[in-house]
Amino acid sequence: MNGVASVELTGADILVRALKDEGVEYVFGYPGGAVLHIYDALYKQEDVQHILVRHEQGAAHAADGYARSTGRPGVVLVTSGPGATNAVTGIATAYMDSIPLVVITGQVPTHAIGSDAFQEVDSVGITRPCVKHNFLVKDVKDLATTIKKAFFIATTGRPGPVVVDVPKDVTAQKTEYSYPKRVSIRSYKPVTEGHPGQIKKAVDLLLSARRPMIYSGGGVILGEASKSLTEFTRLLGAPITNTLMGLGAYPATDPQFVGMLGMHGTYEANMAMHECDVLLAIGARFDDRVVGKVELFSPGSKKIHVDVDPSSISKSVRVDVPIVGAVEPVLKEIIRLIKESGQKPGKAALAEWWKQIAQWRAKNCLRYDRNSKLIKPQYVIEQLYEQTRGDAFVTSDVGQHQMWAAQFYKFDKPRRWINSGGLGTMGFGLPAAMGVQLAHPKATVACVTGEASIMMCIQELSTCKQYGLPVKIVNLNNRYMGMVRQWQEFFYKGRYSHSYMEALPDFVKLAESFGHVGMRIEKPGDVQPAMKEALKMKDRLVFMDFITDQTENVYPMIEAGKGHHEMHLSPERELA
Amino acid sequence: MRHIISILMENESGALSRVAGLFSARGYNIESLTVAPTEDPSLSRMTLVTSGTEEVIEQITKQLNKLVDVVKLMDLTEGPHIEREMMLIKVRAVDAGRDELKRLADIFRGHIIDVTDTSYTIELTGTGEKLDGFIQALDKKTILEVVRSGVSGIARGEKSLKVG
Ligand SMILES: Cc1cc2nc3c(=O)[nH]c(=O)nc-3n(C[C@H](O)[C@H](O)[C@H](O)COP(=O)(O)OP(=O)(O)OC[C@H]3O[C@@H](n4cnc5c(N)ncnc54)[C@H](O)[C@@H]3O)c2cc1C
Ligand SMILES: Cc1ncc(C[n+]2csc(CCOP(=O)(O)OP(=O)(O)O)c2C)c(N)n1
Ligand SMILES: [Mg+2]
């Protein structure tokens, strides 16, 4: 030991120290036998704060909400067996949307692994298909480095969740602690810069376009490239659309923004996708909810695709100019080359293109009945937008309410719209809002949900009480699994099989029983005052139960497997 | 088309299941898969035979490269290469059949590596086609057991799949 007194720490202490050294503020977790040493280590320190959820799914979603709203990795701690399996939905949710999480799962002691021990599951095996990578730590000497690797992998390249499975005996063993400043993994070298030749080709195409179109996605938010995207889009003068995951990457109130695209995208966004001659896809993955029928997708365009993950490129739609690279450096280079060239796309052609877009816009595809005697869900979201001056963090669950929130809340900033797009996980909204609220204690955090979704993680109202998280829940209560009902109305001749929410709780009383404020709003005229009142209660969670029009549907809609030009606009204004 | 993909990956427990899991989860087919450590014990080398359209093969190589444990890979079928597979085959060998089997094994450059009163075990190495050919040449009724190693492959000439 060369005379230097070295301190040996237990695996549990090492783990907690490593989290601290990684700069972790919050760990979302739930205790159990396999992680008791770790909980003891947490108890003895104050640097890393533990947030006790009420269900491990909630822990993963809360960490996810924290990550989405900050750009920093979310951290989860759960016990072996049921703790790990409960977290799987949350892990898969983060995986599908490329969200950086580090999930520590307790495991039975190394000598008991494989013996069907109490609360043993093969966590590494179960999570393998829904993580970016996972580890089983068998020796305490590997623990600190493995934690470092987990954070490195989770946050670089295309981000994603990483699971670290830690057997109980490893948390008891002792070794010297040192946390590596950086790690290098020979088998993992994510690219950043794009290929200069490809970028040059892309710039030439963009400058020669007559009807250019920008289709940007979640990758722009993940890659912190909103500023560059905005600069580039203005420089080019082209219309831009965002995916559901990309909302906020480009300011929604900007005139060049034509709204979301895809299944429930705007008429103008989808038509512009269909008619453009050069398409730049950036940080977006040509999801089937966006593309529709591949053969009919943007048939006349040359396609450029920028993505940090080569496997996203030409997966469903073949592109002409693939660029493997991170959005920020690639956009910077594109901007530089455009400026250097002194060129712009032809003025006359671009003016013609915008004229066409204005005609599409004039259809006013998001119009809804403003004179209804019933509360229209769209109106509630508009009110939320106005009364929060567009500056709230909005989480959502999954269903019609999610689409209305995406369509009617105009996000001007990245990381404000927090929803599960890829997996479409009902139950995401409330726990995600907890993570967001913890990260942004002063901000208004609204959770737009439906009466079916909210029931899936309702227990987290208790966590909100414990930590004083003043989330504003906007429940668009249509007494239906509305999104399911809508499909049954359209495609199953109105046979509403098991999509009706019977025996709903009294949400006002339910909120009150958890120590929160509950409101029930039944008339359109009451929406505005109720929301005002709720938003004034800065330090209380308010559950706003809006009783909405049961039969309202989400429009526009492209049926699965149809082309962008085959949108339904509304019952009265059928196929466009 | 048939492709032979050679993969160098970290010799970690679970590395093999990541590859196998990827193929089953994404519905790619695996014709054969062989794996063993290399001269560098920290690395395993895997040879994987698969088939699919060019688009599918492109996705397969991208998805494999994306696995954190994969250090490097090469699609051997993109260039000149050698492939070999080993087969152990146990056949009923009695009376006159014994001589005939011996002759057949010689023609295919196989070796008889185990003998009993009633059987031979023959070892045969070659391309998959050659092994298929040998099996075809046998009287089906005499075959007692067939074990094939799956394909191993290597690029011809200077080209090699190596780390560093
Ligand atoms: C009920 C419901 C309805 C839906 N309807 C729609 C709809 O109408 N329209 C719609 O758009 N979506 C819709 N979705 C969401 C849809 O399922 C997909 O989740 C979404 O379209 C994917 O968004 P994205 O392409 O931006 O990709 P993301 O999932 O956000 O993926 C990001 C991409 O960017 C890449 N990337 C990450 N970081 C970087 C970086 N630094 N540099 C470069 N690239 C990077 C990744 O590799 C990946 O390819 C719906 C979902 C639900 C649940
Ligand atoms: C965990 C989970 N189970 C099932 C689904 C399928 N699903 C999608 S939307 C939906 C209905 C959601 O109903 P609600 O929360 O009331 O929202 P609404 O559509 O009525 O706004 C269902 C069941 C899902 N997305 N997630
Ligand atoms: Mg509902």
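The values are calculated or read from the model by the stated rules, or taken from the named source; none is laboratory data. The structure presented is a predicted model; accordingly, all values stated were derived computationally and were not measured. Cβ sites come from the backbone with ideal geometry, for glycine too, and all protein chains shown count toward neighbours. Quick note on the areas: whole protein, heavy atoms, side chains included, nothing else; ligands and nucleic acids left out. Shrake-Rupley method; radii C 1.70, N 1.55, O 1.52, S 1.80 Å.
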Taking a crude spin-label model, label points 7 Å out from Cα along the C-beta direction, the B:I135 to A:E8 distance in nm is 5.7 nm
Scalar couplings 3J(HN,Hα) for the range A:390-398 by Karplus 6.51 cos²θ - 1.76 cosθ + 1.60 (θ = phi - 60°), nearest whole Hz, x for Gly and Pro, are x, 10, 8, 8, 10, 9, 8, 8, 10
For the protein assembly as shown, whose charge dipole is built from +1 on Lys and Arg Cβ atoms and -1 on Asp and Glu Cβ atoms, the candidate among A:V121, A:S513, B:F134 with its Cα farthest towards the positive end is A:S513
In the structure shown, of A:K493/A:K523; B:K102/B:K141; A:K315/B:K66; A:K189/B:K72, the pairs separated by more than 19 angstrom at the C-alpha atoms are A:K493/A:K523
Of A:505-518, A:247-260, ordering from highest average Cβ density within 10 Å down gives A:247-260, A:505-518
Residue separation between A:H195 and A:E231 times 0.36 nm, minus their alpha-carbon distance, gives in nm 10.8 nm
Rounded to the nearest 10, the angle in degrees between the Cα long axis of helix A:327-341 and the longest principal axis of the Cα atoms of chain A comes to 40 degrees
Here FRET efficiency (C-beta to C-beta, A:N364 to A:D320, R₀ 41 Å, nearest 0.05) is 0.75
Once the in-chain neighbours fewer than 8 apart are removed, the aspartates and glutamates whose Cα is under 19 Å from A:K562 read A:E268, A:E275, A:D287, A:D288, A:E295, A:E489, A:E574
Pairs over 32 Å Cα to Cα, from A:K149/A:K465; A:K339/A:K410; A:K181/A:K465, come to A:K149/A:K465; A:K181/A:K465
Beyond 21 Å (Cα-Cα) in this structure, taken from A:K227/A:K442; A:K227/A:K413; A:K413/A:K532, we find A:K227/A:K442; A:K413/A:K532
Note to self: C-alpha centroids of the range A:33-73 and the range A:184-253 sit apart, in Å, by 34 Å
With the charge dipole of chain A built from beta-carbon charges (+1 for Lys and Arg, -1 for Asp and Glu) about the Cα centre, the Cα from A:V290, A:P524, A:P239 projecting farthest to the positive end belongs to A:P239
With a 1.4 angstrom probe the carbon and sulfur portion of accessible area for the range A:526-566, in percent, totals 47 percent
Highest mean packing first, using Cβ neighbours within 10 angstrom, the peptides A:396-409, A:358-371 sort as A:396-409, A:358-371
The simple spin-label model distance between A:A503 and A:K538, using points 7 Å out along Cα→Cβ, in nm, is 4.3 nm
Packing-ranked peptide list from B:60-67, A:262-269, A:525-532, A:430-437, highest mean Cβ count within 10 angstrom first, is A:430-437, A:262-269, B:60-67, A:525-532
About its Cα centre, the protein assembly as shown carries a charge dipole, from +1 on Lys and Arg Cβ atoms and -1 on Asp and Glu Cβ atoms, whose size in debye to the nearest 20 is 1860 debye
Given a Förster distance of 35 Å, the FRET efficiency implied by the Cβ-Cβ spacing of A:Y43 and A:I113, rounded to the nearest 0.05, works out to 0.85
The size of the Cβ-based charge dipole (Lys, Arg +1; Asp, Glu -1) of chain B about the Cα centre, to the nearest 20 debye, is 80 debye
Summing -39500 (n - 2.57) over every DSSP H run of at least 4 residues in chain B and dividing by its residue count gives a helix-only mean residue ellipticity at 222 nm, to the nearest 500 deg cm²/dmol, of -8500 deg cm²/dmol
If each part is reduced to its alpha-carbon centroid, the range A:385-450 and the range B:1-27 end up apart, in Å, by 38 Å
About its Cα centre, the range A:434-562 carries a charge dipole, from +1 on Lys and Arg Cβ atoms and -1 on Asp and Glu Cβ atoms, whose size in debye to the nearest 20 is 260 debye
Distance in nm between A:K347 and A:S178 label points, each 7 Å along Cα→Cβ, equals 6.5 nm
Each residue of A:47-57 has, on average, a number of other protein chain C-beta atoms within 10 Å of its C-beta equal to 0
Taking Cα atoms only, helix A:82-96 is inclined relative to the longest principal axis of chain A by an angle, in degrees rounded to 10, of 40 degrees
To the nearest 10 degrees, the tilt of helix B:128-137 (Cα long axis) against the first principal axis of the alpha carbons of chain B is 20 degrees
Expressed as a whole number, the average count of other chain Cβ atoms within 10 Å around the Cβ atoms of B:56-62 is 3
Per the helix-only model, chain A has a calculated mean residue ellipticity at 222 nm (DSSP H runs of ≥4, -39500 (n - 2.57) each, divided over all residues, rounded to the nearest 500) of -11000 deg cm²/dmol
Here the percent of antiparallel bridges among DSSP beta bridges lying wholly in chain A, to the nearest 5, is 10 percent
Under the Karplus relation with 6.51, -1.76 and 1.60 and θ = phi - 60°, whole-Hz ³J(HN,Hα) for the range A:483-489, x at Gly and Pro, equal 5, 5, 4, 4, 5, 5, 5
Averaged over residues of A:307-313, the number of beta carbons from other chains lying within 10 Å of each residue's Cβ is 3
Inter-part gap, Cα centre of the range A:356-381 to Cα centre of the range B:58-136, in whole angstrom, is 68 Å
Per the C-alpha gyration tensor (a ≥ b ≥ c, the square roots of its eigenvalues), chain A is rounded if a/c is under 1.5, else prolate if a/b beats b/c, else oblate; here it's oblate
Sorted by chain and number, the residues with a modelled amide H under 5 Å from that of B:K72, at a separation of 5 or more or across chains, are B:L8
Of the candidates A:S178, A:V191, A:A144, the farthest towards the positive dipole end of the range A:132-196 (Lys/Arg Cβ +1, Asp/Glu Cβ -1, centred on the Cα centre) is A:V191
